[in-house]
Amino acid sequence: MSQPILFQPLSLRGLTLSNRVGVAPMCQYSARDGQAQDWHVQHYGALAASGPGMVTIEATGVVPEGRISAYCLGLYDEASEAAMTRLVASLKHVGTSAVAIQLAHAGRKAAAMRSWDGGGPAPDGWPTLSASDLAFGPGWPAPKAATADDLDRVTEGFVQAAQRALRAGIDAIELHSAHGYLLHQFLSPLTNRRTDRYGGSLDNRMRFPLEVVAALRQAWPADKPLGIRISATDWAEGGWDIDEAVIYAQAFRDAGIDYVCVSTGGLVPDAKVPVGPGYQRPFARRIRAETGLVTRAVGLIASGLDAEATLQDGDADLIAIGRGFLDDPRWTWRAAEALGVELATPPQYIAARPRFWPGAALTRPKAK
């Protein structure tokens, strides 16, 4: 029997992933002044211990005002770099997973409360920035429409964050261009009403995100992969759609992007999203087919069997698992058991593997 695709290696430039399982970036809202804390060390360490091919650290602000909340990670000064260096070192001590980081600017969705506090605009927030001066929704403040100087500063923030990520030991960068954050705000006609070279036509709306891609590719070593996460549709009338997303993907492929993680939505608060098992797979399939890019699928891919089917069907090359890992930090083990694969296990945990622990058959009836 051949090895399931999910547990076959995959190379991105000079980085080889041991398997196709990825921990998706998920905000923890647990940083202090942008700095990773003990929570992040234990959280990411627990996820890495089961051996996913890559762990992607959550959305990390490239400038202080670009953070989603005051409790989000940043990578913009010596203190945040030192904390990130500690976090990355701890992950590499725990397991063999590659460590990526999602670099982000939240734009008009910045200065928010933590999700468990409601997620709305923080009462003690800061001024925000976007493509145009359109508020995210009722009760949200209108952002400033970015000037050319603002865009230069944001781009430089991405470049400096990439340089800090390199010093911190990061293996790959994922640029956040999805979920209604700043780069997505430039892409969508619902949020970009500019009349200058950054607004209007699709080429103009793509201009600033592609400038950031080019700057990152130049700053990031040639042997290290640069990925991107996109929303393939706004799920809103008159918004960004899959046809434009394909053109965007072809453009950033040509600019040096190595993989694309295909998500959807996040731009407007009242979008009608038809959530269901594998609901974003068709978008990943089309982008993969029309660009040839290494493509990562995400969104209600619940089990190892679901993940393997996604790969076997040609919808994607990689799988990103988010809440599934929060629910079960040993998601990779469960997927391997379901697919009949024996994974290397940290020796500290080997006593819990099915061949050593009869209880595994009781807690997980399908375990072999």
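No lab work stands behind these numbers, since they all come straight from the coordinates. All of these numbers come straight from a predicted model, not from anything done at the bench. In this analysis, Cβ positions are derived from the backbone assuming ideal geometry, glycine residues included, and neighbour counts consider all displayed protein chains.
For this structure, a couple of remarks:
- Computed over the chain, the per-residue total of -39500 (n - 2.57) for DSSP H runs of n ≥ 4 gives a 222 nm mean residue ellipticity of -10500 deg cm²/dmol, rounded to 500.
- Dipole orientation for the chain: of the candidates Met84, Ser132, Phe325, Phe325 has the Cα lying most toward the positive pole (charges on Cβ; Lys, Arg +1; Asp, Glu -1).
- Nearest-0.05 FRET efficiency for Asp328 and Asp150, computed from C-beta distance (R0 56 Å): 0.85
- Options (i) 23; (ii) 16; (iii) 33 - which one matches percent of Cα pairs over 37 Å apart as calculated here: (ii)
- Cβ charges +1 (Lys, Arg) and -1 (Asp, Glu), total dipole of segment 242-367, debye: 500
- Using only side-chain charges placed at the Cβ, +1 for Lys and Arg and -1 for Asp and Glu, the dipole size of segment 115-247 relative to its Cα centre rounds to 300 debye.
- DSSP beta bridges confined to segment 5-343 are antiparallel in about 10 percent of cases.
- Label positions at Arg353 and Ser30, each projected 7 Å from the Cα along the C-beta direction, are separated by 2.8 nm.
- Taking Cα centre as origin and charging only the Cβ of basic (Lys, Arg, +1) and acidic (Asp, Glu, -1) residues, the dipole magnitude of segment 5-343 rounds to 120 debye.
- Mean sequence separation of contacting Cα pairs (under 8 Å, at least six apart), scaled by the length of segment 5-343, corresponds to a relative contact order of 16 percent.
- Protection proxy ranking, highest mean first, for peptides 77-88, 14-25: 14-25, 77-88, where packing is the per-residue count of other beta-carbon atoms within 10 Å, averaged.
- Among 26-34, 268-276, sorting by the average number of other beta carbon atoms lying within 10 angstrom of each residue, highest first, gives 26-34, 268-276.
- Between Ala361 and Gln163, residue separation times 0.36 nm minus the direct Cα-Cα distance comes to 66.6 nm.
- Extreme residue, positive dipole direction of segment 5-343, given options Gly119, Gly239, Gly340 (C-beta unit charges): Gly340
- FRET efficiency estimate (nearest 0.05) - Cβ-Cβ, Ala82 to Asp124, R0 22 angstrom: 0.25
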